[in-house]
Amino acid sequence: AYTLPVTAGALAVGVVRRRRDPGASSWAAYGPGLGATLLPGLVAVWGDPYWPRPLLLGLGALVVTLVGAHRRLRAPLLLGGFALAGVAVHELAPYVVQVAGLLPRWVPPALAGVLLLAVGATYERRLRDARRLREALGRFR
């Protein structure tokens, strides 16, 4: 909540900049404003044991990610996605640890081996998909 005035001002400056220069990158226009709220909010979520802050940050990051994808803007898409993933990891980590504690000790190394086999077997396809993703992100502003 403390960073929202700074974010609003920085995003307003970014909107004006993009209107004057449509070729300006979204990182230069919106990156500082979004980073001023999403990144400190993510740090605060990791230290907060209650549920309202992760919920609000997750919803905000989801909106930012969807707007970035809809408008084909790289900075909102990546910053929102990063914050959304951070909130998801924070919220799901206790359950993953709890489930992992219930499994026999040989299951995690066996799952790691299966994962390595799957990664190795699909390496060429994933490499091609990564190139296509890089090209698609390159077309964003």
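The values are calculated or read from the model by the stated rules, or taken from the named source; none is laboratory data. Since the structure is predicted, the reported quantities are computational estimates derived from the model, not experimental observations. Using ideal geometry, Cβ is built from the backbone for each residue, glycine included, and neighbour counts are taken over all protein chains shown. Each accessible area value is taken on the protein alone, full model and side chains, heavy atoms only, with ligands, DNA and RNA left out. Shrake-Rupley method; radii C 1.70, N 1.55, O 1.52, S 1.80 Å.
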Within the set 37, 122, 65, GNM on the chain using Cα springs under 10 Å gives the largest fluctuation to 122
If one compares the long axis through the Cα atoms of helix 52-70 with the longest principal axis of the Cα atoms of the chain, the angle in degrees, nearest 10, works out at 70
The relative contact order of segment 48-141, taking Cα pairs under 8 Å that sit 6 or more residues apart, comes to a percentage of 27
Computed ³J(HN,Hα) along segment 83-96: with the Karplus parameters 6.51/-1.76/1.60, θ = phi - 60°, integer Hz and x for glycine or proline, the list is 5, 5, 5, x, 5, 5, 4, 4, 7, 8, 4, x, 6, 5
For segment 1-32, listing chymotrypsin sites (Phe, Trp or Tyr not before Pro) in a DSSP loop whose Cβ sees at most 11 other Cβ atoms within 10 Å gives 2
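I need the shape label for segment 1-60. Rule: rounded when a/c is under 1.5, else prolate if a/b > b/c, else oblate, with a, b, c from the alpha carbon gyration tensor. Each step should come with its number before you reach the end.
Details: a/c = 3.26, a/b = 2.81, b/c = 1.16.
Here segment 1-60 falls in the prolate category.
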Whole-Hz Karplus couplings 3J(HN,Hα) for segment 10-21, θ = phi - 60° and coefficients 6.51, -1.76, 1.60, Gly and Pro as x, run 5, 5, 5, 5, x, 5, 4, 4, 5, 5, 6, 10
Sorting 80, 101, 133 by the position of each Cα along the dipole of the chain (Lys, Arg +1; Asp, Glu -1; all at Cβ), the one nearest the positive end of that ordering is 133
Row for segment 58-141, column shape: gyration tensor on C-alpha, a ≥ b ≥ c, rounded if a/c < 1.5 i.e. under 1.5, prolate if a/b over b/c, else oblate; value oblate
Candidates 45, 16, 119; GNM for the chain (alpha-carbon contacts under 10 Å) flags as most fluctuating 119
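Nearest 20 debye, what's the magnitude of the dipole of the chain about its Cα centre given +1 on Lys and Arg Cβ and -1 on Asp and Glu Cβ?
For this selection, approximately 740 debye.
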Rounded to the nearest 10 Å², the 1.4 Å probe accessible area of residue 46 is 130
Descending accessible area (1.4 Å probe), largest on the left, turns 43, 64 into 43, 64
HN-Hα couplings for segment 22-31 via Karplus (6.51, -1.76, 1.60; θ = phi - 60°), in whole Hz with x for Gly/Pro, come out as x, x, 5, 6, 5, 5, 6, 7, 10, x
